[in-house]
1. About the Cα centre, and with charges only on the beta carbon of Lys, Arg (+1) and Asp, Glu (-1), how big is the dipole of the chain? Nearest 20 debye, please.
2. Within region 112-155, list the residues whose amide N lies under 20 Å from a label point set 7 Å along Cα→Cβ of A102.
3. By Kyte-Doolittle mean hydropathy of at least -1.0 and Cα axial length of at least 18 Å, which whole DSSP H helices of the chain are selected?
4. How long are the three semi-axes of the equivalent ellipsoid for the chain, computed from the Cα gyration tensor as the root of 5 times each eigenvalue, in whole Å, largest first?
5. Tell me the Kirkwood hydrodynamic radius of region 60-169 in angstroms, computed as one over the mean inverse distance between distinct C-alpha pairs.
6. Would you mind putting 129-138, 163-172, 103-112 in packing order, based on average other-beta-carbon counts within 10 Å, highest first?
7. Place a +1 charge on the Cβ of each Lys and Arg in region 111-169 and a -1 charge on the Cβ of each Asp and Glu, then give the dipole magnitude about the Cα centre in debye, rounded to the nearest 20.
8. Quick check: the distance between the Cα centres of region 62-106 and region 113-129, to the nearest angstrom?
Amino acid sequence: MLPPGKKTKKTVLPPASGERPARPKRGKRTIGDRIADVLDLLEAQWHNEADPPDLQHSEPLDGLILTVLSQHTNDRNRDVAFERLKDRWPLWDDAAAAGESAIEDAIRPAGLAPTKARRILEILGVIYADFDCYSILSLADRGRDKAREYLLSLPGVGAKTAACVLVFDMGLPAFPVDTHIGRFCRRVGFVEEKMSADEISALLEREVAPSRYLGGHVNIIEHGRAVCRARGPLCGECVVSGFCSFYGGGTKL
Ligand code: SF4
């Protein structure tokens, strides 16, 4: 998932004619080394580590609700639903008092409106009970692990949602794995085909330097959308083809 305000915008530049794709270095390489090599190549193309998108909400609860809305829909529908929600009730206090059917109507563009409306109100209720206000700004002070533990305890909040809020809205190190990142990691050969998104996230957080999480995450998403597409990946134009098991250039660990 890519929060709003960030669209795929860069031109895909295939390797220059006749240029050989980058290849893994010789010698014993750990999985961390291989991931770092691939992230370097993606950064050279997409630049989100050097120029990270500013996606932070002033209130992390906004990011949390946005991510709840993103489940099983695309970014555009998610953003329309979130804007409708905030237009009608700029304060979460008012949204919480609006009632389930009113919330459901506001967020309908995101799909699964009854389920998501119920979930949003449950989350707001728990947060108010725990923080005595509709804000989780102070949660970041607990540090990454405690903040994640709390987010995961909220109704319907899974590892990806928690990681998005941590890294985008709290500035804490987490590596969310969505469908693009899962597909990319499996194809390149970082992980086995059957590995779940949550397991891939844990591996990336173990093997990647925390300073690379946000930019690396966005780079892979942009690459997954523009090049390593679900259908018809543009392997001939891909800067990491020399490392890719799917393309035949890499070695599964
Ligand atoms: S070579 Fe093809 S399958 Fe491999 S990462 Fe690039 S686009 Fe994806």
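1. 1360
2. Counting backbone N atoms under 20 Å from the label point, the list is 113-129, 133-135.
3. Details: long enough: 31-46 (22 Å, 0.31); 75-88 (20 Å, -1.91); 113-131 (26 Å, 0.51); 213-226 (20 Å, -0.11).
Qualifying helices: 31-46, 113-131, 213-226.
4. 36, 19, 15
5. Values: mean 1/r = 0.0724 Å⁻¹.
Evaluated over region 60-169, this radius sits at 13.8 Å.
6. Packing proxy ranking, top to bottom: 163-172, 103-112, 129-138.
7. Dipole size: approximately 260 debye.
8. Here the answer is 10 Å between Cα centres.
Throughout, read-outs are computed from the coordinates displayed, never taken from laboratory work. Please read these numbers as outputs of a predicted model, since none were measured by experiment. Don't worry about glycine lacking a Cβ; one is built from the backbone with ideal geometry, like all the others, and counts go over all protein chains shown.
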